[in-house]
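The values are calculated or read from the model by the stated rules, or taken from the named source; none is laboratory data. Small disclaimer: the values here were computed from a predicted structure and weren't measured. Cβ placement follows ideal geometry from the backbone for every residue including glycine, while neighbour counts extend to all protein chains displayed. Accessible surface areas use protein heavy atoms only, side chains included; no ligands, DNA or RNA. Shrake-Rupley method; radii C 1.70, N 1.55, O 1.52, S 1.80 Å.
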Amino acid sequence: MCGIVGYLGKRTVVPVLIDGLRYLEYRGYDSAGIAFLQNDQQAFAVYKKSGKLSNLEAILPPNVFEPNGHQLHVGIGHIRWATHGAPTDLNAHPHLGAQGDIALVHNGIIENYGEIRQQLTAQGYVFQSQTDTECVAHLLESAMAQALGAAPEIDFLETIRRAFSQLRGAYALTIANRKFPDRLYVVRNHAPLVIGVGDQEYMVASDSVAVSSVVDRVVYLKDREIAEISPQGIRLMTLDGVLLEPRVDVLQSGPLLIDKKGFKHFMLKEIYEQPDVLRNSLSGRLLSADHPVQLFDESDSVMERLLTAKRLLIIGCGTSYNAGLVGKYFIEEVARIPVQVEAAGEFRYRKPVLDADTLVVAISQSGETADTLEAIRLAQLQGAATLVLTNREDSTMARETDAVLSVRAGVEVSVCATKSFLAQVVVLYLLGLFLAERRQTLSPEALTELKSGLVRLPIALEALLSDTEPIQALAKKYGHARDVLFIARGVNYPVALEGALKLKEISYIHAEGYSGSELKHGPIAMLDESIPVVSVLVPGPVFDKMLSNCQEAKAREARVIGIIASNAPPESLSEEIRQVFEDVVIIPAVEELLSPLLTTVPLQLVAYYMAEYLGKDVDQPRNLAKSVTVE
């Protein structure tokens, strides 16, 4: 969730740190800071500020950006998403030890920080912040003092390793020590961290995109690994003290291009990129309606498990969970295999029934979502095969699973997921069609019709996006609502959940998604003239039932809005529809099973334009992070 950078080399350190942090802004954060050894290497210079990275840049003296010789420079940087302590200047990272010897940045949570804080307070340490991170800085200084009391020289890597035996939780840390000014230290435990390797320089980050403009090789740290980085190289070991040989991989991705391309916000740009995202996700996998779906090589070890699995278990969090629900409807319909969808955070804390006949499909945009990653590990321990759908093929999940399907959404900067949701759904559809073809659960004619519909979808989506004025008008009309209800049925029920989630995330308006069938089982009690009800209606078996649900809402004086799929002109809408709906947005009609790939988009736009109308920070909404690497 937080973003970590660190640098050891001969470049001017502050510009490198700031640029690295800028690459990580997409993750979501509430404060930023840097620390670096000054030229005399006698003390750390520390600058930190709540709010955006620009607030930090504003307090930096101009001279720190000027070239300062060819000596070795060490620095660390951080953008913070608050867990312990409010997002204030004082709580921002980096944190120093009491003697100023240690400076560190931290991503994750130290679960037993209260206990450690009490112990350190009893030793005379005074805390300046409310964070769990400051405990680690003092703990390391205490451990270093004890080690120096026993011997004139210490191995600081070993000192860190022993001190960390006291810690519980998930964490990634980058540590600088003014007693060892030519070194950086890193620790990973259930939170991502990579070491970028260049020509006589190193850059550390919580995401490889932050190092790609400086170096071209990378060492991916694994859980419970700790490293010392120096001009002599990387000394790597486990937290149990086992020495390891670092594996250096060529970095596949280039520098992240952060460009709004003329759009006001990244979220709007990414919504408009979705037709091309669909094409990219389909490319090479679905050549035409007459070709079979190609997802895996015939030699892939996961093939046999895929074709013999007796059930699928889809796990994810947030938007990825909602994508999994859409996938459940589609895969069960076409492949006739039972599909269960479960929130990853709940899955890992019960005793799930898994075996070799279960295929676990894990969905994560970042490939680093903590709950989903731990759920994969639990599934593997119980003998289930695992398949990961992710936007990051260099992620921890991608490296630990049996098979990976890239969703190919491209870089998504806005915290609020839009194009990655559609890409996840498309790949789940391809998985369903792949299984249907191999298991022969659908007639050739039905398969051809669905594949043909998928191939045409980007064009339908471009038509939808060509005129968004009706949606912008809705946003202004209902922008001051305090509560909004989203309802749909069948395969579009998860779309209602996703629409409500989007509105909550960026406008901070209370919103809930329900199946239209559940309206009269409780939510209808909320309805009155102050509550807009956004309804998704698609031609199919549940259209008339859904229309009846909308009439029930109208009878309670709710302001009912229809997102209606139709290829007929608006003036041809029936009198019944005109009476039920206060406002209507017409979108192209496609095969009902494929319709979530279109019905989702107006709800994304409703959320976007309402948030923009209310003046919210659309791309980086409060309290949210792009990559949720803590529980």
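Here are the numbers for the structure shown:
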read-out: Placed amide H near residue 105: partners under 5 Å, 5+ positions off or other chain; value: 174
read-out: At most 16 other Cβ within 10 Å, DSSP loop - trypsin sites (Lys or Arg not before Pro), segment 326-365; value: 336, 350
read-out: Counting DSSP beta bridges with both ends in the chain, the antiparallel % (nearest 5); value: 60
read-out: Shape parameters for segment 1-150, alpha-carbon atoms, Rg then Dmax in Å; value: 15.5, 46
read-out: Residue 111 accessible area, 1.4 Å probe, all protein chains in place, Å² to nearest 10; value: 120
read-out: Estimated vicinal HN-Hα couplings, Hz - segment 499-513 in sequence order (Karplus 6.51, -1.76, 1.60; Gly, Pro = x); value: x, 5, 4, 4, 5, 4, 4, 10, 9, 6, 7, 5, 9, 9, x
read-out: Accessible-area ranking of 285, 311, largest first, probe 1.4 Å; value: 311, 285
read-out: Mean shadow area of segment 259-304, taken as a quarter of the surface of its Cα convex hull (nm²); value: 5.1
read-out: For segment 117-126, Karplus couplings with θ = phi - 60° (6.51, -1.76, 1.60), whole Hz, Gly/Pro x; value: 4, 4, 4, 6, 4, 5, 7, x, 6, 10
read-out: In segment 236-368, lysine pairs closer than 29 Å at Cα, eight or more apart or cross-chain; value: 6
read-out: Accessible carbon and sulfur surface of the chain relative to its total accessible area, %, 1.4 Å; value: 49
read-out: Relative contact order (%) - the chain, alpha-carbon pairs under 8 angstrom, separation at least six; value: 12
read-out: Label-point gap, in nm, between residue 544 and residue 557 - each point 7 angstrom along Cα→Cβ; value: 3.2
read-out: Nearest-10 value in Å² for the accessible area of residue 396, using the 1.4 Å probe; value: 0
read-out: For the chain, average projected area of the Cα convex hull in nm²; value: 29.5
read-out: FRET efficiency, 1/(1 + (r/R0)^6) with R0 35 Å, evaluated for residue 58 and residue 382 via beta carbons; value: 0.10
read-out: Placed amide H near residue 193: partners under 5 Å, 5+ positions off or other chain; value: 221
read-out: For segment 319-471: relative contact order, % (alpha-carbon pairs under 8 angstrom, 6 or more apart); value: 24
read-out: Kirkwood Rh in Å, taken over all unlike Cα pairs in segment 374-440; value: 13.2
read-out: Mean residue ellipticity (222 nm) of the chain, computed from DSSP H runs ≥ 4 via -39,500 (n - 2.57), nearest 500; value: -11000 deg cm²/dmol
read-out: Amide H contacts under 5 Å for residue 217, placed H, 5+ residues apart; value: 197, 251
read-out: Cα centroid separation - segment 69-99 against segment 226-246, whole Å; value: 23
read-out: Gained length - residue 179 relative to residue 127, 0.36 nm times residue gap less alpha-carbon distance; value: 16.5 nm
read-out: Label-point separation in nm, residue 575 to residue 288, each point 7 Å along Cα→Cβ; value: 4.9
read-out: Cα centroid separation, segment 140-186 to segment 283-324 (Å); value: 45
read-out: Residue 216 versus residue 517: modelled label distance in nm, points set 7 Å from Cα along the beta carbon direction; value: 5.8
read-out: Hits among lysines - C-alpha to C-alpha of residue 10 under 20 Å, sequence gap 8 or more where chains match; value: 179
read-out: Heavy-atom accessible area per residue - the chain, 1.4 Å, Å²; value: 39
read-out: Dipole magnitude of the chain, debye to nearest 20 (Cβ charges: Lys/Arg +1, Asp/Glu -1, about Cα centre); value: 540
read-out: Vicinal HN-Hα couplings computed from phi for segment 103-114 (Karplus, 6.51 cos²θ - 1.76 cosθ + 1.60; Hz; Gly/Pro x); value: 10, 8, 10, 8, 10, x, 9, 8, 5, 9, 5, x
read-out: Loop trypsin sites (Lys or Arg not before Pro), segment 480-549, which have at most 11 other Cβ atoms in a 10 Å radius of their Cβ (DSSP); value: 482
read-out: Centre separation in Å (Cα based) which lies between segment 355-369 and segment 407-467; value: 19
read-out: Lysines whose Cα lies under 16 Å from that of residue 52, excluding same-chain neighbours fewer than 8 positions away; value: 616, 626
read-out: Calculated FRET value between residue 250 and residue 200, using beta carbons and R₀ = 22 Å, to 0.05; value: 0.75
read-out: Fraction in percent of alpha-carbon pairs per bin - 10 Å, segment 177-258; value: 19, 51, 27, 3, 0
read-out: Loop-located chymotrypsin sites (Phe, Trp or Tyr not before Pro) in segment 312-373 whose Cβ has at most 15 other Cβ within 10 Å (DSSP); value: 349
read-out: Check: segment 124-221 dipole with +1 on Lys, Arg Cβ and -1 on Asp, Glu Cβ, in debye; value: 260
read-out: Computed lengthening from residue 353 to residue 279, 0.36 nm per intervening residue step minus Cα-Cα distance; value: 22.9 nm
read-out: Rel. contact order, % - alpha carbon contacts under 8 angstrom, at least six apart, segment 34-187; value: 26
